[in-house]
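Below is one structure, written out as structure tokens; comments come after it.
The values are calculated or read from the model by the stated rules, or taken from the named source; none is laboratory data. These figures come from a predicted structure and were not determined experimentally. As a convention, Cβ positions derive from the backbone with ideal geometry for all residues, glycine included, and neighbour counts pool all protein chains shown.
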């Protein structure tokens, strides 16, 4: 009996372990460059790096960036389609990977490229529109029409890319008291006070922070302890470290550059992520670089370069680290694949697994339960 109990316990433990290592990988794509159904859902095994397709949407237009609700029951997407752009809400069955469109509303600005959500609101960055739009959530997870529109005005020294405001990201502060927004066109970070329950004045401007002229702030991320902010600037490869305090203030600490030494060619910095344990920072660059730079985060918030690795494809617009920290997956917009790298948790270094997911123009990657 004891032997049988041990066998049953071992089988249960193995099954539980396997289940804990399986996550859903959601991929948003561009649908105007090749054949794509929109959002794809894969089962990903974080113990082995194996994957299999579970489900996909049908006829969803360019859902380039995705955000999951905290209860894992809803997915929100921007539909990047010029002046016809919209924001969509989906019901989400994580077990089957099925996504059911709840509703869609105009994004109130051209080419939305990023969004976030909490229990009450969905907040969207409109890139070409140079604006931020806020949508309230209904009880069923669907979204209202836009309740607030904040229009940025201004430009920067790069005439080709900074001819007007280009809002590239919105992100909650760790305590949800503020929303930070990067404006590539103006070389500014906007800091907004966040009143989640307000009907229309959900965001009110607290202040702005100027960054290096012509650098083009794209994406930022908070350190795990919330004391530092790391900002990646698209146009010149600058990586800026700020100290952050709970009153919503940023203080510049240091600027570095992610472009490899002696590199000649076009750069276009893209995504920035921190490992689940908070010890390593990863940044990608497109253009002719097509590489990921790995940095160790030191106790004082400063960063130390570990390595720069080819992403083994073209156009690494987004990448994601699985929740266990075992793998890093890079989506290539132009070579139509997701390359799966093994990640050394001790050193932060990446190594190719030889595994890849082939699909049309992956541009937004998200893990869920």
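Condition check for residue 181 on (1) farther than 19 Å from residue 160 by Cβ; (2) not in a strand (DSSP E or B): one failure, at (2). Would you confirm whether any residue within the range 156-166 is surrounded by fewer than 22 Cβ atoms within 10 Å (Cβ to Cβ), at negative phi and in contact with a helix residue (DSSP H, G or I) (Cβ under 9 Å, 6 or more places away or on another chain)? Within the range 156-166 (the criterion being surrounded by fewer than 22 Cβ atoms within 10 Å (Cβ to Cβ), at negative phi and in contact with a helix residue (DSSP H, G or I) (Cβ under 9 Å, 6 or more places away or on another chain)), the answer is no, since none of the residues qualifies. Return yes or no: is residue 176 farther than 26 Å from residue 275 by Cα and in contact (Cβ under 8 Å) with a residue 24 or more places away in the chain? Against the criterion (farther than 26 Å from residue 275 by Cα and in contact (Cβ under 8 Å) with a residue 24 or more places away in the chain), residue 176 does not qualify. When residues in the range 335-367 are screened for being over 18 Å from residue 305 (Cα atoms), within 21 Å of the chain's Cα centre (by Cα) and not in a loop (DSSP other than H, G, I, E, B), 15 of them pass.
For the range 79-173, the strands (runs of 3 or more DSSP E) that sit wholly inside it and include 3 or more residues that are in contact with a strand residue (DSSP E or B) (Cβ under 9 Å, 6 or more places away or on another chain) and either modelled with pLDDT under 95 or within 25 Å of residue 268 (Cβ to Cβ) (or both) are 112-117, 121-126, 167-172. Between 316, 276, 323, 260, the distinction of being surrounded by 20 or more Cβ atoms within 10 Å (Cβ to Cβ) and farther than 14 Å from residue 229 by Cα belongs to 316 only. If you filter the range 51-64 down to residues that are part of a loop (DSSP other than H, G, I, E, B) and surrounded by 14 or more Cβ atoms within 10 Å (Cβ to Cβ), you find that the one that is nearest to the chain's Cα centre (by Cα) is 62.
Can you report the number of residues in the range 215-228 which are farther than 19 Å from residue 131 by Cβ and either touching a strand residue (DSSP E or B) at 6+ places or on another chain (Cβ under 9 Å) or not in a loop (DSSP other than H, G, I, E, B) (or both)?
Of the residues in that region, 8 qualify.
Taking residues in the range 347-369 that are free of Cβ contacts under 8 Å to residues at least 12 places away in the same chain, and partners anywhere that are surrounded by fewer than 20 Cβ atoms within 10 Å (Cβ to Cβ), the pairs with Cβ atoms closer than 6 Å and at least 6 places apart or on different chains are 351/342. Scanning the range 199-214 for residues that are crowded, with 17+ Cβ neighbours inside 10 Å and either out of contact with any strand residue (DSSP E or B) (no Cβ under 8 Å at 6 or more places or on another chain) or outside any strand (DSSP E or B) (or both) yields 202, 211.
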